[in-house]
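Have a look at the structure below before the remarks.
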Amino acid sequence: MRKQRTLCSPIKASGIGLHTGRKVEIELNPAKENSGIVFYREDKDVEIQLSEKSVVDTQLATTIGKDGVVIKTVEHLLSTLFALRIDNIFIKLKGDEIPIMDGSSAPWVYLIKTAGIVEQEAYKKTIIVKKPVKIKENGKFAALIPSNQFEISYSISFSNTFIGKQRMDLPINENTFIKEISKARTFGFLKDIEYLQSHNLALGGSLDNAVVVDEYGIVNEDPLRYEDEFVRHKILDAIGDLSILGLDMKGKYIAYKSGHNLNNKLLRKLISDKSAYEIAINPTREKKAESLAWGCV
Ligand SMILES: [Zn+2]
């Protein structure tokens, strides 16, 4: 059992949205213990408390929303917050999409490490997977099974393409995330891009924030950051999707060709079956912490 954490100081950043192509300013702020992850659309004056129920769309990216106000492409930031164990944070933005940055989590890791992380008084709850929960759909598969740590086994198969079959098995913690996962970028196929853009998607997509694949290899001049960068990015996305419960996880996530949609269905299925999980109870605290930022230097 560990204590909750937040940022030491606010972070300001800006960038473009992958799907909208619009510039967005974003501010990540420290927040009180037990407040969780809260997004605030400053331009609409709407607050969205993150939960599995706040997910309103999973086409190509994970979109959260409330009262018709949405925030798109939250998964890379959420993945980073989960892996770096930032439990309480107030995220302000003027716009409807999280900046894509370089298509990976590496810029978020850098910004959060620079701002500093501080431990708070309250303990963090953990969801413990007690029995297997599975979802199968159109040849895709996602499951959570019991394990004594949070780990992922992910397989992808893009037959007849440069990507081919890739598989990775990894326990997920701050170190493995930073080293093995955080730098893996979003990817897409050149042949899909025209179609996506005609449907007003991927408008901000470019070789600066995505790996683009054609029949022969990658279009980008820079080399891949990992030989199997594609499956690693799928793991990055899955961590973001699984983090939406706001709980640490003890369990093994197994996926074959899964995506945001299946991941969200899997979480909802887990939560709907009370015999499939247990939430580790916090030790009671005697005194509430007054200060947010003790321990920051
Ligand atoms: Zn992604």
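The values are calculated or read from the model by the stated rules, or taken from the named source; none is laboratory data. Note that the structure is predicted; figures quoted are calculated from it, not measured. A quick note on method: Cβ atoms are made from the backbone with ideal geometry, for glycine too, and the neighbour counts reach across all protein chains shown.
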| request: Scan the stretch 138-169 for residues that are over 16 Å from the mean Cα position of the chain (by Cα) and part of a strand (DSSP E or B) and report the count. | output: 17
| For the stretch 135-157, how many residues are within 19 Å of ASP273 (Cα to Cα), in contact (Cβ under 8 Å) with a residue 60 or more places away in the chain and not β-branched (Val, Ile, Thr)? | 6
| note | Out of (1) surrounded by fewer than 24 Cβ atoms within 10 Å (Cβ to Cβ); (2) modelled with pLDDT of 95 or more, the one LYS94 does not meet is (2)
| message | Can you tell me which condition GLY21 does not meet? The list is (1) assigned to a strand (DSSP E or B); (2) away from the ligand (no atom under 16 Å from the Cβ); (3) touching a residue at least 40 places away in the same chain (Cβ under 8 Å), and all the others hold. | response | (1)
| request: Considering each residue of the stretch 63-111, count those that are within 16 Å of the ligand (Cβ to nearest atom), without any contact (Cβ under 8 Å) to a residue 60 or more places away in the chain and not hydrophobic (A, V, I, L, M, F, W, C), and give that number. | output: 3
| query | ASN34: touching a residue at least 60 places away in the same chain (Cβ under 8 Å) and in contact with a Pro (Cβ under 7 Å, 6 or more places away or on another chain), yes or no? | reply | no
| message | If I ask for residues that are surrounded by fewer than 16 Cβ atoms within 10 Å (Cβ to Cβ) and outside any strand (DSSP E or B), which ones from the stretch 1-18 would you list? | response | MET1, ARG2, SER9, PRO10
| query | Counting only residues that are in a loop (DSSP other than H, G, I, E, B), away from the ligand (no atom under 14 Å from the Cβ) and buried (at least 18 other Cβ atoms within 10 Å of the Cβ), how many does the stretch 247-264 have? | reply | 1
| Unmet requirement for PHE177, which otherwise passes all of (1) in a strand (DSSP E or B); (2) under 21 Å from LYS252 (Cα atoms) | (1)
| Residue within the stretch 123-137 that is in a helix (DSSP H, G or I), under 20 Å from the mean Cα position of the chain (by Cα) and modelled with pLDDT of 95 or more present | no
| query | Looking only at residues in the stretch 185-199 that are within 16 Å of the ligand (Cβ to nearest atom) and touching a strand residue (DSSP E or B) at 6+ places or on another chain (Cβ under 9 Å), which one is nearest to VAL109 (Cα to Cα)? | reply | ARG185
| message | Can you find, within the stretch 39-67, the residue that is nearest to ILE271 (Cα to Cα) among those that are assigned to a helix (DSSP H, G or I) and among the charged types (D, E, K, R)? | response | GLU52
| remark: Of the residues in the stretch 158-185, those that are crowded, with 17+ Cβ neighbours inside 10 Å and modelled with pLDDT under 95 number 1
| note | Only unsatisfied item for VAL70, checking (1) part of a strand (DSSP E or B); (2) aliphatic (A, V, I, L, M); (3) touching a Phe, Trp or Tyr at 6+ places or on another chain (Cβ under 9 Å), is (3)
| remark: Screening ALA210, ALA202 for residues that are on the phi > 0 side of the Ramachandran plot and either modelled with pLDDT of 95 or more or within 16 Å of the ligand (Cβ to nearest atom) (or both) leaves only ALA202
